[in-house]
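Below is one structure, written out as structure tokens, with a few remarks after it.
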Amino acid sequence: MEEQGAVQPTRAPGRGVSWGRRARFLAASLAGGLSAVALTPALGAFADPGTSGPSQSVIVEAPDGVDVASLLALLPPGQARKALGIINGAAVSLNQHWISVLQGAGAIVTPDQAVTVQGAAYSNNLGCPGPTSPSTPSGNFVADTGADKLANRANQGQGVTVAVLDTGINSSLADLSNVVGGVDLTGGNSPFTDEYGHGTFVAGLVAGSGASSGGQYTGEAPGADLVSIKAAGASGVTTASTIISGISWAVQNQSTYNIGVLNLSFGALPTGPTNTEPMDRAVEAAWKAGIVVVVSAGNAGPFNGTIMSPGDDPLAITVGAYADNNSPKPANWAMCSFSSVGPTQYDGWFKPDLVAPGRSVVSVADPGSTIYTANPQALVGNANFVGSGTSFSAAITSGAAALVLSAHPDANPNGVKGRLVGNAVPGPAQDPFVDGHGVLNAFYAAQGPALRYDQTAARQAESNHPGSVIDLGSSWNGSSWNAANWTGSSWNGSSWNGSSWNGSSWNGSSWNGSSWNGSSWNGSSWNGSSWNGSSWNGSSWNSMVWDGSSWNGSSWNGSSWNGSSWNGSSWNGSSWNGSSWNGSSWNGSSWNGSSWN
């Protein structure tokens, strides 16, 4: 069945004109020097069938300056397709012949792949997968993030609506009476039911009232409203095109429901760079429309290059998971081993942006749902459930974004992201590719000084395939770690003053020697002891030099950071991947010697 508003098939212009001849003519006229984008290996399963053969569901995007309807006119009449206007694209089933025709006309063709919810485990005894100690159910995240302090100041997210693009929300539950609208994209007509249970759990973390637990287990922003965009049924699996349709619906209904935040607790393996990835392009369109988009990093850690799409998009607020271990003391917190780790696979973007509680957090149970039935051990009391995953970290952060918008209703997405990221506190790993800028702190973000991160989407890919050389100097230029991209009064926020960044070792010459690009970025060496061990936390990193004028002065913002030494060829050589990275010169005396000072 065609979706309402889908591009209609165009009939052949006159009798006796074959589709093959017409396709060649239109392809030649549309190409106009546009270079075709190669298909990902996922489409390599096609045979070479000529004009027939096995088909696969794909997403077709038109290049800049070309209407996708012109491209779709190349296809035979009567072929069903689903319009994806937010990205100037469409979802359609094609064989290799027609894929090649469209590529010859400059189209970007990617698989319409399966997308899954990012919940890692549901249990009252199991938190982060791997060799971790058992964790008891925790409702501490409201205190961990300072949302309880905002509630004491009468800020619970009032006046803001968070759209939850997920498996639906069971609005009949007492905790979720604040659902004000929605849409069902699964073919049914029930956005206010949830056969899988994930969306209901996520919604409870965002804005659950706590009614079923006597106020013990509330969401981050219980005063906010919710909108349910149902994209998956009882399996918890959907498609990229359905996610894109959901994002489009949020933009179209932004003013109707006052949607300020869009939560995406979904993820899929990236199929290409962010400037061609369909879900990423949809996220960017929503961002530019004024909606703050919060995305889970993924549950594919702890290895580098495991950030999922659309969390790999530079505009989105990408959130990883840490465990509070049921303790209010940050010293007892630790990263979850499942939390996906940057840099991003194709472009080398610095991700995640921050981390939030994601282990054994408690939210609303959805009786009779898939996860409820499969995990009876996860029930907490009569009406709540416990789960772990970056899905839930993203949900808590979406609630925090609502708190920021409630306090600063004129803030745009860059302003909200700047407040959340710039006011994060030092994280458990203190590694930019593991816990980003640190731990979410909603209180500081809402009450602290304004910090704006001026960012733009990628115009072109940094690389064409995973494992290729990535110019991290270029990705640095657009990242939140480049001080030139920030405006505001408080670059000296606590997240920048954490112990791991304090010391004089950034002034040495070895940062200019040669090579961020290679296999060591995607391996385990970034997460090993050399990054997380004592060498990062020792005295050479912990001096007060970083808190003085040299941090905020010209040496940070001036040419030495943004000039050729950061962006030039010295980043792209081999010395970062050799023994000097993992050997004694990284961990040994050379860190403390005079050459670093």
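The table for this structure:
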quantity	calculated
Cross-link pairs beyond the 25 Å C-alpha cut-off, checked among Lys149/Lys351; Lys82/Lys351; Lys149/Lys230; Lys149/Lys329	Lys149/Lys351; Lys82/Lys351; Lys149/Lys230
The range 347-431, accessible surface, carbon-and-sulfur percent (1.4 angstrom probe)	53
Hz values of 3J(HN,Hα) by residue in the range 338-344 - Karplus curve (6.51, -1.76, 1.60), Gly and Pro given as x	7, 5, 5, 10, x, x, 5
Protection proxy ranking of 376-388, 270-282 - average other beta-carbon atoms within 10 Å, highest first	270-282, 376-388
Those aspartates and glutamates that a straight Cα-Cα span of less than 12 Å connects to Lys417, excepting residues fewer than 8 apart in one chain	Asp353, Asp454
Expected-Rg normalisation [2.2 N^0.38 Å, Cα atoms] applied to the range 192-332	1.11
Whole-Hz ³J(HN,Hα) from phi, Karplus 6.51 cos²θ - 1.76 cosθ + 1.60, for the range 84-94, glycine and proline x	10, x, 5, 10, 6, x, 7, 9, 8, 9, 9
Mean Cβ neighbour count within 10 Å, used as a protection proxy, ranking 220-227, 291-298, 310-317 highest first	291-298, 310-317, 220-227
Lys329 paired with Trp481, simple spin-label distance in nm, labels 7 Å along Cα-to-beta-carbon	3.1
Accessible surface of the range 144-280 [probe 1.4 Å, protein heavy atoms]: carbon and sulfur percent	46
Net charge over other residues, Cβ less than 13 angstrom from the Cβ of Gly215 (K, R count +1; D, E count -1)	-2
Surface accessible to a 1.4 Å probe, per residue, for the residues of the range 147-195, Å²	41
Two-decimal Rg/Rh across the range 264-372, once Rg and the Kirkwood Rh are taken from alpha-carbon atoms	1.02
Average accessible surface area per residue within the range 370-428, 1.4 Å rolling probe, Å²	26
Most to least packed among 178-185, 425-432, 203-210, 152-159 [average Cβ atoms within 10 Å]	203-210, 425-432, 178-185, 152-159
Local electrostatic count, Ala400, Cβ distance below 13 Å [Lys/Arg +1, Asp/Glu -1]	-1
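The values are calculated or read from the model by the stated rules, or taken from the named source; none is laboratory data. Here the structure is a predicted model, which means the values were calculated and not measured. Positions of Cβ are generated from backbone atoms using ideal geometry, with glycine treated the same way; all protein chains shown enter the neighbour counts. Only protein heavy atoms, including side chains, enter the accessible area calculation; ligands, DNA and RNA are left aside. Shrake-Rupley method; radii C 1.70, N 1.55, O 1.52, S 1.80 Å.
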